[in-house]
Amino acid sequence: MRKTEIFGSGRSVMKKKWWLGLIPAGAVLFGGYRHMRNRHHTLMSDAGEQASIQMKKGKAAAWKEYPRPQMRRQDWVSLNGAWECNGQTVMVPFPPQSVLSGYRGHVAAKLIYRRSFVLPKQFEGKRILLHFGAVDQTAEVYVNGQYLAKHEGGYLAWTVDATEAVLHDKENELSVIAIDTLSHDYPYGKQRKKRGGMWYTPVSGIWQGVWMEAVPDRYIRSVQITPDLKGIDLKLDLAVHDGIGKPDTAICAGIGKPDAGGHDSNRKGDTAAHDGDADRPVTVTVRVTLSNGMMRVYQECMDERTLAQKGMRIELAGTPCADGHAYRPRLWSPDFPYLYSMSVSVGEDTVESYFALRTVEIREIQGVRRVCLNGEPVFLHGVLDQGYYPEGIYLPGEEREYERDILRMKELGINMLRKHIKVEPECFYYYCDVHGMLVMQDMVNSGNYSFVRDTALPMLGMVKADDRKRGGSTRRKQIFEQHMKDTIRQLYSHPCIIAYTIFNEGWGQFESDRMYETARSLDDTRLYDSTSGWFRQTKSDFESRHIYFKTMKLPKTERPLIVSECGGYAYTLPEHRYSRIGHYGYGECQSREELTKRIVGMYEKMIFPAIADGTCGCVYTQLSDVEDETNGFYTYDRKICKVDTEQVREIAVRLKEALGQSVPK
């Protein structure tokens, strides 16, 4: 009885024990909620459904198109299709977490892929290059048990020379050991082991195409195209087999001397324009088909070092035509996206390519700094494009679904996609080039995210922070910087890309001023949003703001102002909903009419009035629903457009009118 009195009455003791009993019960309930929270409906786009049907019939898997449109060769073979992965069959290139992969059950951090292949007859006597579009996060490659290479980073393309390991006229075994712990040292985008809200299902291992091609001993490793309004500057990086051995490090795409410790380091068996035989002369032949059908041939002899560092000039303007007139080049723009076809030959190697003529810059016009395309002011009427699909997560059911997304947005009057913290397969950028869709490409974030620091406090107006001492470990920073450089190199020649975002909402942000300078040193033909949203420092081409849950009068700024994220109003269609429990957005709408009215109202109140003062762009969130998020123009399965097409398209017309009134001819 005294023990009871020490703590109070016997009734109090019983009461305390009752509350203690709630702790494990609460833990069980929370665990059950988390389990239910991650359950979802199975959705597929039309492309996903068709791919699934074809696979069930045993027909060829999707993703069979040539994977690198700006450097096409004839001798190639796709390795997409059925592989073995940890004892199961998986359909490459779909990540094992996706429906179309065919993989079932737990996806381990270590994935061991295997498949066999036989080289085509025409590959004999040539060097064999093995290409990977992307493998998340690290990968080791073996052919016939022989170790070939290791690659780190899950978003960029890389190549291995497999010549010394492959067998001709016999079956070969290819093995890839991929490890993905979702380490935040590496770029990871919006992947999270427990998805929810603005975080999505992770992907692991191979998630882009795998393919081989045959090349001569001296071959074109990469092509770099820098356009203006009269022609292009063309640089080539050549690889030359010197008979010493094989590469032991994967090679990422790019031009110029590799960085110390970068992906290109410690190569064996190759020499390039920056190596020992760089002074060797080579003859380069370029054939360009002009818009009038005339073939123009350019030929120069120069040493490999000059070819890689300075390159050759391909001047189109002023070319004499058959009718006696001087040729006037056709420019590339969202309204008239003209592409020139081109072939480039060095020795025995020829690649087919294309280019466009366009410039992007900031000019001061009547005292206001404006973004200009081909010398003329342009309003960046954008939408956030996260590149997620219900059937393949990071991939649609087939390549052309990217094209359909682009055309869906063009139908709504959109002229720019902000590709949000993800690097896509090359075909995405090709379709943007073809259809005149501008792209603002995000770098892929790494480092830890803090809801309080990176979201809650900035939403309350606390948007200033010195980033020179932020960013975590030195290793993490080095990996991010290298990935940024490799991203710029890989995407350099696509005319659709007009701008890059370096950091988004402070996620992993560090030394953004230095990153801006580093990026511009690699490519000064594009614009850079150093800090999208908040935590801006001193160096950027834009003033960049994220505005959710409200509209506001936009300030007049020294630099062009872009509202780089806004809107995000949710409208949920139950039959096209992915998540079983909960959904996410920035304001709830109950109908198509209400959603359309809110979007139009946002532009009327916030964007149209600010164009005269230099607001240069607006990025609406977002292209489609994504998992829990139901704030897209389209449903996640792309089957329903949730807005009134005519009214949304009218926004683009009014934006052009407002810009025209602000910048009279």
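The values are calculated or read from the model by the stated rules, or taken from the named source; none is laboratory data. Computed from a predicted structure; not experimentally measured. Positions of Cβ are generated from backbone atoms using ideal geometry, with glycine treated the same way; all protein chains shown enter the neighbour counts. Just the protein is used for accessible areas: all its heavy atoms, side chains included, with ligands, DNA and RNA removed. Shrake-Rupley method; radii C 1.70, N 1.55, O 1.52, S 1.80 Å.
Once Lys and Arg get +1 and Asp and Glu get -1 on their Cβ, which of Tyr338, Pro458, Tyr155 lies farthest toward the positive end of the dipole of the chain?
The Cα lying farthest towards the positive end belongs to Pro458.
Percent of Cα-Cα pairs more than 11 Å apart in region 419-461, please.
Values: 665 of 903 pairs.
Result: 74 percent of Cα pairs exceed 11 Å.
Which part of region 583-604 falls in the paramagnetic zone of Gln647, meaning amide N under 13 Å from the point 7 Å along Cα-to-beta-carbon?
Under cut-off, by backbone N: 589-604.
Per residue of region 384-398, in order, report the coupling 6.51 cos²θ - 1.76 cosθ + 1.60 (Karplus, θ = phi - 60°) as ³J(HN,Hα) in whole Hz, putting x for Gly and Pro.
6, 10, 8, x, 10, 9, x, 7, x, 6, 8, 9, x, x, 8
By per-residue mean of other Cβ atoms within 10 Å, what is the highest-first order of 567-580, 590-603?
567-580, 590-603
What would the Debye equation give as log₁₀ I(q)/I(0) for region 525-665 at q = 0.13, 0.17, 0.20 Å⁻¹, counting only Cα atoms as equal point scatterers?
The Debye formula, applied to the Cα set alone, gives -0.62, -0.97, -1.18.
Over 23 Å between Cα atoms, which of Lys410/Lys642; Lys194/Lys597; Lys64/Lys121 qualify? Show your work: numbers first, answer last.
On the way: Lys410/Lys642 15 Å; Lys194/Lys597 34 Å; Lys64/Lys121 20 Å.
Over 23 Å apart, Cα to Cα: Lys194/Lys597.
Projected onto the charge dipole of region 111-217 (+1 at Lys/Arg Cβ, -1 at Asp/Glu Cβ, origin at the Cα centre), which of Gln191, Tyr113, Asn144 gives the Cα projection farthest towards the positive end?
Positive-end residue among those listed: Gln191.
Using the Cα centre of region 79-202 as the reference point, and only Cβ charges (+1 on K/R, -1 on D/E), how large is the resulting charge dipole? Debye, rounded to the nearest 20. Kindly include the intermediate steps, with their values, before the conclusion.
Working: 14 positive and 12 negative charges, 116 e Å.
So the dipole magnitude of region 79-202 works out to roughly 560 debye.
Treating only the Cβ atoms of Lys and Arg (+1) and Asp and Glu (-1) as charged, compute the dipole magnitude of region 572-665 about its Cα centre; round to the nearest 20 debye. It would help to have the intermediate numbers written out before the result.
Numbers: 13 positive and 15 negative charges, 50 e Å.
That gives a dipole near 240 debye.
Working from the alpha-carbon coordinates of region 436-540, get Rg over Rh, Rh being the Kirkwood radius. Present the calculation step by step, with values, prior to reporting the outcome.
Numbers: Rg = 13.7 Å, Rh = 14.1 Å.
In region 436-540, Rg relative to Rh is 0.97.
Hey, what did region 595-654 get for relative contact order, percent, Cα under 8 Å, at least 6 apart?
Numbers: 50 pairs, mean separation 18.4, N = 60.
This gives 31 percent for region 595-654.
Taking the Cα centre of the chain as the origin and placing charges on Cβ (Lys, Arg +1; Asp, Glu -1), which of Ile365, Asn631, Thr283 is farthest toward the positive end of the dipole?
With unit charges placed on the Cβ atoms, the residue in question is Asn631.
Can you order the peptides 279-286, 342-349 by their average number of other Cβ atoms within 10 Å per residue, highest first? The partial results should precede the final answer.
Details: 279-286: 14.6, 342-349: 17.8.
Per-residue mean Cβ counts within 10 Å order the peptides as 342-349, 279-286.
Explain nothing, just the number: dipole magnitude of the chain about its Cα centre with +1 on each Lys and Arg Cβ and -1 on each Asp and Glu Cβ, in debye rounded to the nearest 20.
Details: 90 positive and 85 negative charges, 581 e Å.
My answer is approximately 2800 debye.
Could you work out the per residue convex hull volume over the alpha carbons of the chain, in cubic angstrom?
On the way: hull volume 132.1 nm³, N = 665.
Looking at the chain, the number lands at 199 Å³ per residue.
For region 281-435, calculate the relative contact order in percent as a whole number, restricting contacts to Cα pairs under 8 Å that are 6 or more residues apart. Mind showing how you got there, number by number?
Details: 215 pairs, mean separation 25.6, N = 155.
Normalised by residue count, the contact order of region 281-435 is 16 percent.
Taking amide H positions as placed in the peptide plane 1.01 Å from N, state which residues far from Gln97 in sequence (5 or more) or on other chains have amide H under 5 Å from it.
Excluding prolines and chain starts, which carry no amide H, the hits are Ser204.
Counting each DSSP H run of 4 or more residues in the chain as -39500 (n - 2.57), what helix-only mean residue ellipticity at 222 nm follows after dividing by all residues, to the nearest 500 deg cm²/dmol? Walk me through the numbers on the way to the answer.
Details: 10 runs with 131 residues, N = 665.
Estimated from H runs of four or more residues: -6500 deg cm²/dmol.
Round to a whole number: what % of the accessible area of the chain belongs to carbon and sulfur, probe 1.4 Å?
On the way: 14070 of 27380 Å².
About 51 percent, which is the carbon plus sulfur part of the accessible surface.
How would you order 532-543, 637-648 from highest to lowest mean count of nearby Cβ atoms within 10 Å?
On the way: 532-543: 21.0, 637-648: 18.1.
Descending mean neighbour count gives 532-543, 637-648.
Counting heavy atoms of the protein chains only and a 1.4 Å probe, report the per residue accessible area for region 532-633 as a whole number of Å².
Working: 3720 Å² over 102 residues.
Accessible surface, normalised per residue, equals 36 Å².
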